[in-house]
């Protein structure tokens, strides 16, 4: 035991490397030993020999040629494709207005391709880091400390390091494969270029981490607090991100590790963001004539909007799925999130109608109820004193909220689920909160 005040001598880099390597091998050895049955002494001795540092590292160096570091991976086309994958930082001439691998910069995560998942431990080994440098980085740099940690025989150690360093290099001449995607691009002389698109795994991983990170515990907690504050009409020091209409693409089926290391880490998932043309309106905005409410009828004006139909359908399906279960915070949060989206659509709809020339509700053919006239034609208050008195009294908001609640109740009604006045009041209160929070959308200040 050291005397008080005496510091332990710091471990050398070589010592740190040996300790990290020993811990890595011991962990994997223990898994093997734990799987043995009583009496399997011969197998036990074999595992003990195989996981000696010199033996295991020598074997890993032989397997290294079956492992490649890459940013663009062929196996996403088909797990059995055996052509070339590439390691690239992207096209530096693409420019900042084009998103690609070049956009990642130092944040790029390189993927690993193996001929079989049995070689993945080799890359896991080379990913070990000491003093912010991985073993692979040290192999590429021909690090003397790593050489000494590998073996007392410097020649043997340098051979192993050279074998590991080849992971970052292309394997042979570029080649495609019958199971890969190929495009024959015609040339003027009658020939063609054979184009072989490769999946941008590094870019896909950055997108996955960005979107999937919203579900990380710390971020999800902050996101929930921000969403709750928005619903309550209160400020919050953090915002949150929504990614509507994205799709999840799966690679590798039940064996995602056969595609690549990053694909395995993502459980085979890659996110596709919506890339859609604008949904143009073929006709201009028209005054609401010959109707008494935007919420009236089975095919109401508001309810017939595409986004409204989609959100209402999701809400109806969700409520039907959870109706046998007891109400929980998660269920209520999901319900209220869909309800908040409907409220947003309602306010967006009102903002669209506000673009009409004020006083359109004075048209003799306008039969819209007084509450909705105040809501959708606020500019009329500038020239019509009687209308202004009703508008600034503000009770029209209660009427709009009540009609919204009744409309939503009728749209969600199902044979197995009946929504009572309590539910209608809940929907109505939600839109009342939205009205209070986004005053600029409905006031004529």
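Any residue at all in segment 152-170 that's under 19 Å from the mean Cα position of the chain (by Cα), part of a helix (DSSP H, G or I) and either surrounded by 11 or more Cβ atoms within 10 Å (Cβ to Cβ) or at pLDDT 90 or above (or both)? So far as segment 152-170 goes, no, none of its residues is under 19 Å from the mean Cα position of the chain (by Cα), part of a helix (DSSP H, G or I) and either surrounded by 11 or more Cβ atoms within 10 Å (Cβ to Cβ) or at pLDDT 90 or above (or both). In segment 77-120, which residue that is out of contact with any helix residue (DSSP H, G or I) (no Cβ under 7 Å at 6 or more places or on another chain) and assigned to a helix (DSSP H, G or I) is surrounded by the most Cβ atoms within 10 Å (Cβ to Cβ)? Going through the qualifying residues, I end up with 102. Out of 176, 202, one residue alone is touching a strand residue (DSSP E or B) at 6+ places or on another chain (Cβ under 9 Å), assigned to a loop (DSSP other than H, G, I, E, B) and in contact (Cβ under 8 Å) with a residue 40 or more places away in the chain. It is 176. When segment 47-62 is limited to residues that are under 21 Å from residue 114 (Cα atoms) and surrounded by 16 or more Cβ atoms within 10 Å (Cβ to Cβ), the one that is farthest from the chain's Cα centre (by Cα) turns out to be 58.
Taking segment 295-324 as the range and being crowded, with 16+ Cβ neighbours inside 10 Å and in contact (Cβ under 8 Å) with a residue 60 or more places away in the chain as the test, the residues that pass are 295, 300, 302, 303, 312, 315, 316, 319. Assess whether residue 142 counts as being assigned to a loop (DSSP other than H, G, I, E, B), out of contact with any strand residue (DSSP E or B) (no Cβ under 8 Å at 6 or more places or on another chain), modelled with pLDDT of 90 or more and closer than 27 Å to residue 89 by Cα. So residue 142 fits the description; yes.
The values are calculated or read from the model by the stated rules, or taken from the named source; none is laboratory data. All of these numbers come straight from a predicted model, not from anything done at the bench. Note: ideal-geometry Cβ built from the backbone for every residue, glycine included; neighbour counts use all protein chains shown.
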